[in-house]
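Read-outs throughout are calculated quantities, based only on the coordinates presented, and are distinct from any laboratory measurement. These numbers were taken from a predicted model, which means no experiment stands behind them. Please note: Cβ atoms are built from the backbone with ideal geometry, for glycine as well, and neighbour counts cover all protein chains shown.
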Amino acid sequence: MTFNEAASLINEIKPKIAVPIHYGSIVGTTQDAEDFIKLLNPKIKSVCLMK
């Protein structure tokens, strides 16, 4: 799943908080996590834990 697909799914599920975790050491990049957060509905809180 790409960060675009993940953000789309999270926007449908509508949780209060979303934390991107599958990036950096295994797949994806820190930029992917940041882009994921940008695509989320502003009502969904999110933060990158690794930088």
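For the reader, a short list of remarks on this structure follows.
- Taking Cβ atoms as reference points and 12 Å as the exclusive limit, the residues near P15 contribute a net charge of +3, counting Lys and Arg as +1 and Asp and Glu as -1.
- Residue-span extension gain [K38 to M50] - 0.36 nm each, minus C-alpha spacing: 2.7 nm
- Environment charge at A6 (Cβ cut-off 15 Å; Lys +1, Arg +1, Asp -1, Glu -1): -3
- Each Lys and Arg Cβ is given +1 and each Asp and Glu Cβ -1; about its Cα centre, the chain then shows a dipole of about 300 debye.
- Here the Debye sum runs over all C-alpha atoms of the chain as equal scatterers in vacuum, and log10 of I(q)/I(0) at q = 0.15 Å⁻¹ comes out as -0.33.
- Ascending count of other beta-carbon atoms within 10 Å, so fewest first, for S25, S8: S25, S8
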